[in-house]
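Shown next, in structure tokens, is the structure this report addresses.
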Amino acid sequence: MRHSPSDLKPVDRHLADILATVRPLAPLELDLERALGAVLAEDVTAPVDLPPFANSAMDGYAVVAADLAGAPVTLPVTEDVAAGDSVPRAIGPGLAARIMTGAPLPAGADAVVPVEYTDGGTAQVVIHKQVEPGAAIRRAGEDVRVGDVVLPAGTRIGAAQIGMLAGVGRRRVTVRPVPRVAVISTGTELAEPGTPLGYGQIWESNSFMLAAAVREAGGEAFRAGAVTDDPRVFMETLDAQLVRADAVITSGGVSMGAYEPVKEGLSPLGTVRFEKVAMQPGMPQGFGVVGDDQIPIFTLPGNPVSSYVSFVLFVRPALRQMQGLPASLPGTVRAVCSSRLRSPQGRRSYLRAVLTGDTVTPARGQGSHQLAALAAADALIVIPEDVTEIPEGTTVEVIRL
Ligand code: AMP
Ligand code: MG
């Protein structure tokens, strides 16, 4: 099919329109145990120094380092200091206190001798080795100073960040929540994986793939499964999903044929635009808002490769923006293309490929229905709109998947 370039909307303009509409989710306060995967909407500062007090880094003996000159030496042990000991202690010169890891350093001590350097005595201790002042002591504030920003706004909260938040005593944090994304596939020909295929049917793959892509992008996905090509059924399903969704992704039903339930169901609303974008795969695209809350809806084409590439180019940046992150496009690298390629005039091509070092090898089977090449690929070769032929050995731009 030929398209005059004026029919087609540039890829970059389609993305710009999407990003001009999609808003970051409103911040809310979450309990620490529910914050995994969310993005901080506040700078988190330390209310105290960490560690809050000087303490021992080892099990051993708190001493005055100068007393160990000429080791071995024998010192009387005046006390036992355990982690959690709430009574401040002190030692003087010529004395030692038995101390455990994490226990507060007694006043007057300036080093801890590890138990391995001693005879382990409890009334008195023989110390075999000298240590420097400061040895095996964790100084107050050596990790974090009171008032330090330990996690800036815009940080995605992973396990280590949960640890940091708890470590500065936070139980609740203000975050942009994980976007909840409903995924609806359309197609009367679609059979649920795990059920037998009837005549004319294929197994439904897009809702699974797109839900997984949402999760990889930091969102929470609800798969509504596949609906038939009846616009009423589609609209009912959409309605039911809207109550719990921050965004909706549909696949299929937006091309030029008959039985296009997404286009037929949404067009009358007037809030979703269906357009031809100057790309291959993925030319038929739709985007807009639905429902009282003006939820963004991405209506992606049904061919599996088209829907995946559309997700990477349009939905992922939008999901990042919803999380308050920069809507950065997938980064590109440059590589030498190992074979000759063709690309339609006036459309930007995204060809499935394998990147090895500086060489990129196009996959066999570039049809937009050919999942096998997509599943084997780890990169997309980007061929600009005005280029129709790439001789072997040309340096090309590549998106890593
Ligand atoms: P459509 O965009 O609905 O015209 O679909 C284009 C092509 O993609 C058709 O061959 C469909 O059978 C196929 N297709 C649509 N939706 C899915 C899906 N969810 N899983 C697998 N293939 C699909
Ligand atoms: Mg269809």
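The values are calculated or read from the model by the stated rules, or taken from the named source; none is laboratory data. Just so it is clear, the model here is predicted, and its values are computed rather than measured. Neighbour counts run over all protein chains shown; Cβ positions are idealised from the backbone, glycine included. Just the protein is used for accessible areas: all its heavy atoms, side chains included, with ligands, DNA and RNA removed. Shrake-Rupley method; radii C 1.70, N 1.55, O 1.52, S 1.80 Å.
Looking at P193, P179, P268 in this structure, which one is in contact with a Phe, Trp or Tyr (Cβ under 8 Å, 6 or more places away or on another chain) and either open to solvent by 10 Å² or more (accessible area, probe 1.4 Å) or away from ligand 1 (no atom under 15 Å from the Cβ) (or both)? Walk me through how you get there before you give the answer.
Numbers: P179 fails: in contact with a Phe, Trp or Tyr (Cβ under 8 Å, 6 or more places away or on another chain); P268 fails: in contact with a Phe, Trp or Tyr (Cβ under 8 Å, 6 or more places away or on another chain).
Going through P193, P179, P268 in turn, just one is in contact with a Phe, Trp or Tyr (Cβ under 8 Å, 6 or more places away or on another chain) and either open to solvent by 10 Å² or more (accessible area, probe 1.4 Å) or away from ligand 1 (no atom under 15 Å from the Cβ) (or both): P193.
Determine which single condition A135 fails, assuming it passes every other condition in (1) surrounded by fewer than 16 Cβ atoms within 10 Å (Cβ to Cβ); (2) assigned to a loop (DSSP other than H, G, I, E, B).
So A135 meets the others, but not (1).
When the range 282-312 is examined, which residues are found to be open to solvent by 10 Å² or more (accessible area, probe 1.4 Å) and either small (G, A, S) or more than 10 Å from ligand 1 (Cβ to nearest atom) (or both)? Please lay out each step first, then the result.
First, the residues of the range 282-312 that are open to solvent by 10 Å² or more (accessible area, probe 1.4 Å): 283-284, 287, 289, 291-296, 302-304, 308.
Scanning the range 282-312 gives M283, F287, V289, G291, D292, D293, Q294, I295, P296, G302, Y308.
Regarding the range 248-264, can at least one residue be identified that is modelled with pLDDT under 95 and among the aromatic types (F, W, Y)?
Yes, that holds for at least one residue.
Would you confirm whether or not the range 241-254 contains a residue that is among the charged types (D, E, K, R) and either within 11 Å of ligand 1 (Cβ to nearest atom) or free of Cβ contacts under 8 Å to residues at least 40 places away in the same chain (or both)?
From the range 241-254, those among the charged types (D, E, K, R) are 244, 246; that's our starting set.
Then drop every residue that is not either within 11 Å of ligand 1 (Cβ to nearest atom) or free of Cβ contacts under 8 Å to residues at least 40 places away in the same chain (or both), which leaves none.
No, the range 241-254 contains no residue that is among the charged types (D, E, K, R) and either within 11 Å of ligand 1 (Cβ to nearest atom) or free of Cβ contacts under 8 Å to residues at least 40 places away in the same chain (or both).
Look at the range 220-240 and say how many of its residues are touching a Lys or Arg at 6+ places or on another chain (Cβ under 6 Å) and either open to solvent by less than 10 Å² (accessible area, probe 1.4 Å) or within 10 Å of ligand 1 (Cβ to nearest atom) (or both). Walk me through it before giving the result.
Going residue by residue through the range 220-240, those that are touching a Lys or Arg at 6+ places or on another chain (Cβ under 6 Å) are 220-221.
This time we only want the ones that are either open to solvent by less than 10 Å² (accessible area, probe 1.4 Å) or within 10 Å of ligand 1 (Cβ to nearest atom) (or both), so: none.
Looking only at that region, the number is 0.
Among the small types (G, A, S), touching a strand residue (DSSP E or B) at 6+ places or on another chain (Cβ under 9 Å), closer than 19 Å to N55 by Cβ and surrounded by fewer than 19 Cβ atoms within 10 Å (Cβ to Cβ) - does that describe any residue in the range 114-124?
no
Among what's in the range 313-330 and is more than 20 Å from F208 (Cα to Cα) and either within 16 Å of ligand 1 (Cβ to nearest atom) or among the polar types (S, T, N, Q) (or both), pick the residue that is least open to solvent (accessible area, probe 1.4 Å).
Looking at the filtered set, the residue picked out is Q323.
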